1. Pairs only if they're at least six apart or on different chains, beta carbon under 8 angstrom, first in region 622-636 and assigned to a helix (DSSP H, G or I) and of a type in the set (Ser, Thr, Tyr), second at pLDDT 95 or above and surrounded by 11 or more Cβ atoms within 10 Å (Cβ to Cβ); list them, first residue then second.
2. Could you tell me which numbered condition SER354 fails, if it satisfies all but one of (1) closer than 26 Å to ALA296 by Cβ; (2) in contact with a strand residue (DSSP E or B) (Cβ under 8 Å, 6 or more places away or on another chain); (3) open to solvent by 50 Å² or more (accessible area, probe 1.4 Å); (4) free of Cβ contacts under 8 Å to residues at least 40 places away in the same chain?
3. Is it true that PHE599 is open to solvent by less than 30 Å² (accessible area, probe 1.4 Å) and either assigned to a loop (DSSP other than H, G, I, E, B) or over 30 Å from ALA475 (Cα atoms) (or both)?
4. So which pairs qualify, if the first residue must be in region 680-697 and at pLDDT 90 or above, the second must be among the small types (Gly, Ala, Ser) and assigned to a helix (DSSP H, G or I), the Cβ gap must be under 9 Å, and the two must be at least 6 apart or on different chains?
5. Of all residues in region 382-396 being in contact (Cβ under 8 Å) with a residue 40 or more places away in the chain and under 17 Å from TYR705 (Cα atoms), which is most open to solvent (accessible area, probe 1.4 Å)?
6. Under 6 Å between Cβ atoms, at least 6 apart or on separate chains: pull out the pairs that start in region 400-412 with a residue that is part of a loop (DSSP other than H, G, I, E, B) and at pLDDT 70 or above and end on any residue that is open to solvent by less than 70 Å² (accessible area, probe 1.4 Å) and not charged (D, E, K, R).
7. From the set of residues in region 208-257 that are of a type in the set (Asp, Glu) and in contact with a strand residue (DSSP E or B) (Cβ under 9 Å, 6 or more places away or on another chain), which is surrounded by the fewest Cβ atoms within 10 Å (Cβ to Cβ)?
8. Might you let me know whether region 434-454 holds any residue that is open to solvent by 20 Å² or more (accessible area, probe 1.4 Å), part of a helix (DSSP H, G or I) and among the polar types (S, T, N, Q)?
Amino acid sequence: MFCKIRMISLLFAMVLLTTACQKAVSDNATPGELKPAARDQLIARSFCQSLELKHVSRHPVDKMISERAFGLYLKSIDPMKIYLTKDDVLRFEALYKEKLGEMARSGDVSPAFAIYRLFMQRVDERCKMAHEILDSPLEFETDEYYLRDKDKLDWSATDQELRNRMRQEIKYKILDLEGDKRESLREETNKKATANGDNAPAAKKQTDRSNEPPIQKLHRRYTSLQKRIHQITSDDILELYLTAIANSYDPHSTFMSPKTFDNFIIQMRLNLDGIGATLGWEDGYTIVRNLVKGGAADKQGELQPEDRIISVGQGNEGEFEDVVDMSLSDVVTKIRGKRGTTVRLEVLPASGKSKKVITIVREKIELEDSAAQSKIFEVGKKADGTPWRVGVIDLPSFYFDMEARSKGDSSGRSTTQDVRKILRQFVAEKVDACVVDLRFNGGGSLQEVIDLTGLFIKTGCVVQVKPSEYDANHAKSLDDRDPGIEWGGPLVVMTSKFSASASEIFAGAIKDYKRGIIVGDETTHGKGTVQPLINIGQLIFGMFSKSPNYGTLKVSIQGFYLPDGQSTQLVGVKSDIQLPSLTNYFEGAEADSDYPLSFEKIAPAASWPVFNYVSDDILKVLRDQSAARIAQSKDFAKVNKKIEVYTEFKKAKKTPLNREKYFAQLDRLNTDKEEKGEYERLLGVDQKIIKDYYMDEVLGITADYLNILREKQIPFQKEVSNVEKPFIW
């Protein structure tokens, strides 16, 4: 989730090399190699000018930005410090570290392409070295260690040092693959042992590749890496280059190529024309991860999760094109297409059977798994002995149909519309309390979070924005002006370190209004900036011109502040009740990123009425009751143990490459697998509302809250928009 920006960040630092360096690396250039397009100079100039004028800092693209970009570029293109040499880095640093900004502002993007050619050359050399090491005897009995924190490493100064680092990297990958195999076998054993249990773990699907030896798999991976590195397009290079410049201002300012922007639009509107399959990439193959329920592929019935797509044919008779080792984005582009058209996929089934051709007619696919979902649970007891009814809403993002809204079409899908329907269902089904789960919501539309907050309050400030450092006393209040309320009853909001941006606005407003209780990790992500999208083509040719698609600038133009004047930047929104969670200790918060912005507190908003639904005495009772349950919970005891060993593992910064010691550490800590598994579970596209031990505790807190409110006879506003009279429990 947070790695994408970093991956984009490197092809820039070395991107601003001078003519001398370009000549040094490009004298042997071959016909057809990557070169900047004529338009790239216009794009780079306009991009840099816009950054300087629109970024909240108003900072010029100067020496400081150059130095930052240089470091980010190297870190992104070679984060393991295993491809470039110390001589490469020192040469570039001496000549160009302080000049990158100046070159970018002049529109010179040719260095980006020259550096990528050098990078391709180094990758070819290192992959050849990797194959040689894999074919040589490797021993796992000596005591040596793999350093995970590459910031502690310098670049390799000699061939021997470089080969030794590559050898350690390969040994670590072999042990990691062996660990994956052990984990798969363990999960399969557990599944068989608890085949009839409700909590049986989902074992990984076994395929014909499951028993492939690690050395053979790594040979294939390095071969595939070489091919992928050589498949990058000029648009990809430009995106990497300009994003590295933007990331030197803050982690959320970026450049999106036309292809990236199209994917962004799909995620915001939650629909596309295609077959309805989530695809992944593994060892050179495009893998089917999930099928969209009710989508074209699901209805056709032949394509299955874990199938490998090896070629794609257009129409009923189009020639098949091999897609093995092709970049995932290119494969996705070939499979998507206009609804009603046909695509043929040649696949290797996960079952191990012979390859087959599957013909699918593309349809409009609704991405329901990325939309708001709900479920009603019964928990605890009321005074009359009946259970409380608690409605849970899982909200993955603040989405809306940008195209429909730009055309004035109110029928386009949005977060607020979907949640409004759910809340009305809750009211109709006599739900007693609402829980909004934002644990894995990374944000989205600013207007949507304002509108969504308005479903729970009458009117008032939701968030304040301040354009720049020159407007310290001129913050603007963005208010909910609709007096209607869709849910007037008790409210609980679940958050985590992954709750970012718009999620923090919602949670912060609910907390400031004392409208509900915040439960989750110690604090949210800590992103307190606003980024609009700026069409680069319109900047160049004019707002009202029919400009070509030259990409999109996403730039931080404002800091946002909660109604009480507090910025969420770096600090996030603190939970009222913190629950033990491994995610609370993961890296990846705003404060962990490179060059995050910081903001001061400003004056409170003029209008934000405070309710009496939450008080210190209520929270104390809820915390005490929750702590008592957690102390008796075996599941939370396991979580606390995981937290203990996880923090120990992170402090160590290194992993033994002695096989016996590696697996002893893995059995005791298992932290890499825990973190990877937790990310996959929490951020997977097939999220569902699961009543696990964590949700049970949130529901327990909600039931306690309902009992206290009933006891205190605290009045809540009815949901009917124009009814002013409150009701009493």
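1. What qualifies is SER626/ILE577; SER626/LEU579; SER626/GLU697; SER626/GLY700; SER626/ILE701; SER626/ASP704.
2. With respect to (1) closer than 26 Å to ALA296 by Cβ; (2) in contact with a strand residue (DSSP E or B) (Cβ under 8 Å, 6 or more places away or on another chain); (3) open to solvent by 50 Å² or more (accessible area, probe 1.4 Å); (4) free of Cβ contacts under 8 Å to residues at least 40 places away in the same chain, SER354 is out only on (2).
3. Details: open to solvent by less than 30 Å² (accessible area, probe 1.4 Å): no; either assigned to a loop (DSSP other than H, G, I, E, B) or over 30 Å from ALA475 (Cα atoms) (or both): yes.
No: the conditions fail for PHE599.
4. Qualifying pairs under 9 Å: GLU697/SER626.
5. To start, the set of residues in region 382-396 that are in contact (Cβ under 8 Å) with a residue 40 or more places away in the chain comprises 382-383, 388-396.
Among the residues that remain, those that are also under 17 Å from TYR705 (Cα atoms) are: 382-383, 388-392.
Values: LYS382: 53, ALA383: 102, TRP388: 3, ARG389: 62, VAL390: 0, GLY391: 0, VAL392: 1 Å².
It comes out as ALA383.
6. Partner pairs satisfying both residue conditions: ASP401/GLY412; GLY412/ALA404.
7. Narrowing region 208-257 to residues of a type in the set (Asp, Glu): 208, 212, 235-236, 239, 250.
Of the ones still in play, those that are also in contact with a strand residue (DSSP E or B) (Cβ under 9 Å, 6 or more places away or on another chain) are 208, 239, 250.
Values: ASP208: 13, GLU239: 24, ASP250: 23.
Filtering region 208-257 for residues that are of a type in the set (Asp, Glu) and in contact with a strand residue (DSSP E or B) (Cβ under 9 Å, 6 or more places away or on another chain), the one surrounded by the fewest Cβ atoms within 10 Å (Cβ to Cβ) comes out as ASP208.
8. Pass one, region 434-454, residues open to solvent by 20 Å² or more (accessible area, probe 1.4 Å): 439-440, 442, 444, 446-447, 451.
Checking which are part of a helix (DSSP H, G or I) leaves us with 446-447, 451.
Imposing the further condition that a residue be among the polar types (S, T, N, Q) reduces the set to 447.
Among the residues of region 434-454, at least one is open to solvent by 20 Å² or more (accessible area, probe 1.4 Å), part of a helix (DSSP H, G or I) and among the polar types (S, T, N, Q), which makes the answer yes.
The values are calculated or read from the model by the stated rules, or taken from the named source; none is laboratory data. Owing to the predicted nature of the structure, the values given are computational and were not obtained by experimental measurement. A quick note on method: Cβ atoms are made from the backbone with ideal geometry, for glycine too, and the neighbour counts reach across all protein chains shown. Remember, those area values only see protein heavy atoms, side chains included, never the ligands or the DNA or RNA. Shrake-Rupley method; radii C 1.70, N 1.55, O 1.52, S 1.80 Å.
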